[in-house]
Amino acid sequence: MTYMLNYLISNARFQAKLSRRLDISLNGLSLHELLIMDHLDKSPEKLRAAQLADLMGLTPSGVTRLLLPMIKIGLVKRQPDPNDARSSLIEISRAGREKLNEGRERLEYFVEDNFPIAQQKKLAALTPTLQELAQRL
């Protein structure tokens with residue numbers, strides 16, 4: 001097996017375990033929901049689902065499936081795009097921002113409890129390489 005294949009398999013296992021553990025730690029909020037709200041919170045303007053999909057590396061339909069329950073419970077708001085009748089603009093709501101801040105705090109505790117500083121530093125050093133590889137895909 002090649003080094004890259006070993007890495008991909010290990011990364012997939014890590015992602016699966018991390019997602020399961022984070023879903024529990026984030027008190028009902030999934031990591032993807034947290035990331036959607038984080039992108040919306042940091043964006044200076046409202047975003048389309050396709051823009052969120054690009055930012056997250058997901059398909060637009062996948063993001064839409066994530067957004068629908070978030071809209072229903074009031075974490076994000078959707079409004080028609082005045083420049084494109086086929087599209088909607090998404091923004092984080094006040095309730096969503098509160099849930100996001102709570103999620104960020106819980107995420108910080110999760111990291112502190114599960115990743116020793118030495119591992120955090122190794123992962124931080126790996127981040128630019130992962131970002132570069134993601135750009136190539």
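One table, with the values for the structure above:
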item: Among (1) modelled with pLDDT under 95; (2) in contact with a helix residue (DSSP H, G or I) (Cβ under 6 Å, 6 or more places away or on another chain), the one test that Leu126 misses; result: (2)
item: Every residue from region 24-43 that is in a helix (DSSP H, G or I) and either within 13 Å of the chain's Cα centre (by Cα) or closer than 21 Å to Leu137 by Cα (or both); result: Leu31, His32, Glu33, Leu34, Leu35, Ile36, Met37, Asp38, His39, Leu40, Asp41, Lys42
item: Residue satisfying condition, being small (Gly, Ala, Ser), touching a helix residue (DSSP H, G or I) at 6+ places or on another chain (Cβ under 6 Å), within 18 Å of Leu18 (Cα to Cα) and surrounded by 15 or more Cβ atoms within 10 Å (Cβ to Cβ), within set Gly103, Gly96; result: Gly103
item: Residue that is surrounded by the most Cβ atoms within 10 Å (Cβ to Cβ) [pool: residues in region 20-65 that are β-branched (Val, Ile, Thr) and in contact (Cβ under 8 Å) with a residue 24 or more places away in the chain]; result: Ile36
item: Positions within region 44-75 being within 18 Å of Gly103 (Cα to Cα) and under 14 Å from the mean Cα position of the chain (by Cα), in sequence order; result: Met56, Leu66, Leu67, Met70
item: Residues satisfying the stated conditions in region 78-93, i.e. surrounded by fewer than 10 Cβ atoms within 10 Å (Cβ to Cβ) and either modelled with pLDDT of 90 or more or among the charged types (D, E, K, R) (or both); result: Pro82, Arg86
item: Residues (surrounded by 18 or more Cβ atoms within 10 Å (Cβ to Cβ) and either farther than 19 Å from Ser25 by Cα or in contact with a Lys or Arg (Cβ under 8 Å, 6 or more places away or on another chain) (or both)) located in region 67-77; result: Leu67, Leu75, Val76, Lys77
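Here's the yes/no breakdown for (1) free of Cβ contacts under 8 Å to residues at least 60 places away in the same chain; (2) assigned to a helix (DSSP H, G or I); (3) within 28 Å of Gly28 (Cβ to Cβ):
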residue: Pro80; (1), (2), (3): yes, no, no
residue: Ser87; (1), (2), (3): yes, no, no
residue: Glu91; (1), (2), (3): yes, no, yes
residue: Glu102; (1), (2), (3): no, yes, yes
residue: Glu105; (1), (2), (3): yes, yes, yes
residue: Glu108; (1), (2), (3): yes, yes, yes
residue: Val111; (1), (2), (3): yes, yes, yes
residue: Ala125; (1), (2), (3): yes, yes, no
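The values are calculated or read from the model by the stated rules, or taken from the named source; none is laboratory data. Computed from a prediction, not measured in an experiment: that's the story for all the values here. Neighbour counts are summed over all protein chains in view; Cβ atoms, including those assigned to glycine, are modelled from backbone coordinates with ideal geometry.
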